[in-house]
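Below is one structure, written out as structure tokens, with a few remarks after it.
The values are calculated or read from the model by the stated rules, or taken from the named source; none is laboratory data. Just so it is clear, the structure is predicted and the values come from calculations on it, not from any experiment. FYI the Cβ positions are ideal-geometry reconstructions off the backbone, even for glycines, and counts take in every protein chain you see.
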Amino acid sequence: MKAARAVTQNYDDPLSCLEVTEVPVPEPAEGWVRVQVKAASLNQHDLWTLRGVGHDPKNIPITLGCDVAGVTEDGREVIGHPIIADPDAGAGDETLDPARRLFSEAHDGGFAEYMVMPARNLIDKPKHLSFAEAACLPVAWGTAFRMLFGRGQLKAGDRILVQGASGGVASALIALAAAAGLRVYTTTRFGAEDAETKIAYAKELGAHHVFDSGARLPERVDAVLETVGSATWAHSLRCLRPGGAVIIAGATTGGDVSAELNRVFYQQLQVIGSTGSTLAESQAMARFVEDNKLVPRVHREIPLEKIHEGFQQMLDGDLIGKIVVTF
């Protein structure tokens, strides 16, 4: 079968490290199942692997792809909970297992005609979604669901700010929060060439208002959802009501920030880290998506042979929504 694999790592030229090649059809170990992959979406995690950031080189070569939708051998349509971990090793929370791994970190991922995964990782695909749409869910939407309802414990009527209007996790946050009855503010750079497109997209997702990055909000919010990092951190703290929380699951512009400890202790702010999602949270996310008929945005579907072209489009930033490999 054909698979897209990281065969080496190079920070400056990541796509030179990616090859589409023939590999054997995998055989499932005890407790694992084989899935015929129908769709797998491109993720920034794949590019970090190719760059050699956060991925042990001893696990190269490896098949990439951590966002997967497919069909089991008994005909079940599924998405794959993307984290392989032991809940007991994380005191009941698998995201706290020090040995946790995403698909494509220590085990081959989904850019292949078939993959294997633990049976516990199978989640029923929301029925209203195509396989391409469903393949957008596992990492970004699972992360967003945990940020909002797991770590954040947010509820209908709460006011939130999502920093950045069009990223994968940010767009999932807007859609999930709006569907759950939260008041959603978000930001984007009004001076960017594609600002109007991003503003329209955020409103389509359910944002109540879109502000220029760094702008003063009409009210302070209960929580700020952060994946941007240093470029927005000071603004995030200023936007919180006393006792509010920043829930952070990423730092794409860097993690070296001023903690502003005087503001944190005087206003009794909370800083809450969040990583991935548990199986229970991923299952709840999939049910929530189905119940509310939410649909992730697919920017483009491509065959496996055009995966280099898809990743180049990601690097260029010329997209809104996900690029998905379909089989």
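The residue of region 13-38 that is nearest to Thr72 (Cα to Cα), among those that are without any contact (Cβ under 8 Å) to a residue 12 or more places away in the chain and in a loop (DSSP other than H, G, I, E, B), is Glu30. For Glu260, are the conditions met, namely being under 29 Å from Glu133 (Cα atoms) and among the charged types (D, E, K, R)? Here the answer is no, as Glu260 does not meet what is asked.
Please verify whether Val289 is aliphatic (A, V, I, L, M), under 27 Å from Ser16 (Cβ atoms) and surrounded by 18 or more Cβ atoms within 10 Å (Cβ to Cβ), treating the condition exactly as stated. Spelling it out, it is not the case that Val289 is aliphatic (A, V, I, L, M), under 27 Å from Ser16 (Cβ atoms) and surrounded by 18 or more Cβ atoms within 10 Å (Cβ to Cβ).
Among the helices (runs of 4 or more DSSP H) lying completely within region 39-154, list those that include at least 1 residues that are among the hydroxyl-bearing types (Ser, Thr, Tyr) and touching a His at 6+ places or on another chain (Cβ under 9 Å).
In region 39-154, 44-51 are the helices (runs of 4 or more DSSP H) which contain 1 or more residues that are among the hydroxyl-bearing types (Ser, Thr, Tyr) and touching a His at 6+ places or on another chain (Cβ under 9 Å).
If you go through region 107-150 and keep only what is more than 18 Å from Leu64 (Cβ to Cβ), more than 18 Å from the chain's Cα centre (by Cα) and among the aliphatic types (A, V, I, L, M), you end up with just Ala119. If you go through region 65-82 and keep only what is under 23 Å from Leu96 (Cα atoms) and in contact with a helix residue (DSSP H, G or I) (Cβ under 6 Å, 6 or more places away or on another chain), you end up with Cys66, Asp67, Ile79, Gly80, His81, Pro82. For region 145-179, a residue qualifies if it is without any contact (Cβ under 8 Å) to a residue 60 or more places away in the chain and closer than 24 Å to Ile199 by Cβ, and the qualifying residues are Ala165, Ala170, Leu173, Ile174, Ala177, Ala178.
Checked across region 92-109, the condition of being in contact with a strand residue (DSSP E or B) (Cβ under 9 Å, 6 or more places away or on another chain), touching a residue at least 24 places away in the same chain (Cβ under 8 Å) and more than 26 Å from Gly250 (Cβ to Cβ) holds for no residue.
Looking only at residues in region 236-270 that are of a type in the set (A, V, I, L, M, F, W, C) and loosely packed, with under 15 Cβ neighbours inside 10 Å, the one that is nearest to Asp158 (Cα to Cα) is Phe265. For region 128-176, residues that are more than 23 Å from His235 (Cα to Cα), among the hydroxyl-bearing types (Ser, Thr, Tyr) and not assigned by TED's automatic domain parsing to the domain that holds Gly75 total 0.
Yes or no, residue by residue, for (1) assigned by TED's automatic domain parsing to the domain that holds Ala132; (2) farther than 25 Å from Arg297 by Cβ; (3) surrounded by fewer than 17 Cβ atoms within 10 Å (Cβ to Cβ):
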residue	(1), (2), (3)
Cys17	yes, yes, no
Pro24	yes, yes, yes
Val33	yes, yes, no
Arg51	yes, yes, no
Gly80	yes, no, no
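Annotation: Arg5 fulfils all but one of (1) on the phi < 0 side of the Ramachandran plot; (2) in a loop (DSSP other than H, G, I, E, B); (3) surrounded by 14 or more Cβ atoms within 10 Å (Cβ to Cβ); (4) in contact with a strand residue (DSSP E or B) (Cβ under 8 Å, 6 or more places away or on another chain); the unmet one is (2). Within the bounds of region 192-208, is there any residue that is charged (D, E, K, R) and part of a loop (DSSP other than H, G, I, E, B)? Scanning region 192-208 turns up at least one residue that is charged (D, E, K, R) and part of a loop (DSSP other than H, G, I, E, B).
Just the residues that are surrounded by 15 or more Cβ atoms within 10 Å (Cβ to Cβ) and either among the aromatic types (Phe, Trp, Tyr) or farther than 18 Å from Gly276 by Cα (or both), please, taken from region 62-75. Correct list: Ile62, Thr63, Gly70, Val71, Thr72.
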